[in-house]
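See structure below.
The values are calculated or read from the model by the stated rules, or taken from the named source; none is laboratory data. Given the structure is predicted, the values throughout are model-derived calculations rather than measurements. Using ideal geometry, Cβ is built from the backbone for each residue, glycine included, and neighbour counts are taken over all protein chains shown. With ligands, DNA and RNA removed, areas are computed over all heavy atoms of the protein, side chains included. Shrake-Rupley method; radii C 1.70, N 1.55, O 1.52, S 1.80 Å.
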Amino acid sequence: DGIDLSGSKVVIKNNRIKSSGDKCISVGENTVDTVIFNNILDSCHIGVQAKDGSQPVIINSVIVNNDIGLDAYMKKPIYKTGGQALVYNSLIRNNRQAVKADEFSDFSILFSNVAGAYTGEGNFDEERLEEKINDQGRGHPEALKQYLNIDAKEAPVGLREIF
């Protein structure tokens, strides 16, 4: 895995993870209050995997060219749930499968460009693969304030800033 979390409370910001053997980012074992912000997750088996009671928030990230863009499941029944992730303002395109979740898990995806017209407020499905700021004003600025204390009148979909 490019980054592997277990029971963590961190902000993962401004990373480019490409061609990791398994997961670009693995979020497991009751990892809550973790924010994955402004990252490019490219050409891994899985872009982000959330499991076993984890609740990551993914904001303004580019998740492209993976076998599975977002994956959530319950591995260990002791946690009683799988992954429960929130996704805002992200570009999820050109993955063999955009989103996969078992019956114990869920993704809430909002204000994002998702291949396959994923259901959620503000979501859209438009072919754009540039690794830059896209669709200024189509993102959700309140997510930036709530999770990162960033005041913004508008938010893009895709990266918020080039790094």
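Remark: the stretch 14-64 carries 24 Å² of accessible area per residue (probe radius 1.4 Å; ligands, DNA and RNA excluded).
For the stretch 62-75, the Karplus equation 6.51 cos²θ - 1.76 cosθ + 1.60, evaluated at θ = phi - 60°, returns couplings of 10, 10, 9, 6, 9, 5, 10, x, 10, 9, 9, 6, 9, 8 Hz by residue, with Gly and Pro reported as x. When the surface is traced with a 1.4 Å probe over the full set of protein chains, Y118 keeps roughly 70 Å² accessible. What figure in square angstrom, to the nearest 10, would you give for the accessible area of R138 with a 1.4 Å probe? Surface open to solvent at R138 totals about 90 Å². Hey, any idea what % of the stretch 54-163's accessible area is carbon plus sulfur with a 1.4 Å probe? The value for the stretch 54-163 is 46 percent carbon and sulfur by accessible area. Which entry in (i) 1.09; (ii) 0.93; (iii) 1.01 is this structure's computed Cα Rg over 2.2 N^0.38 Å? The value matching this structure is (ii).
With every protein chain in place and a 1.4 angstrom probe, the accessible-area ranking of H45, H140, largest first, reads H45, H140. Across G116, G69, G139, mean-square fluctuation computed from a Gaussian network of the chain (C-alpha pairs under 10 Å connected) peaks at G116. Under a 5 Å amide H cut-off, with hydrogens placed 1.01 Å from N, N123 pairs with F111, S112 among residues at least 5 apart or on other chains.
Which residues make up the longest stretch of the chain clear of GluC sites (Glu not before Pro) that lie in a DSSP loop with no more than 12 other Cβ atoms within 10 Å, not counting the sites? Display every interim value, and only then the final one.
On the way: sites that count: E103, E121, E127, E130, E154, E161.
Answer - 1-102.
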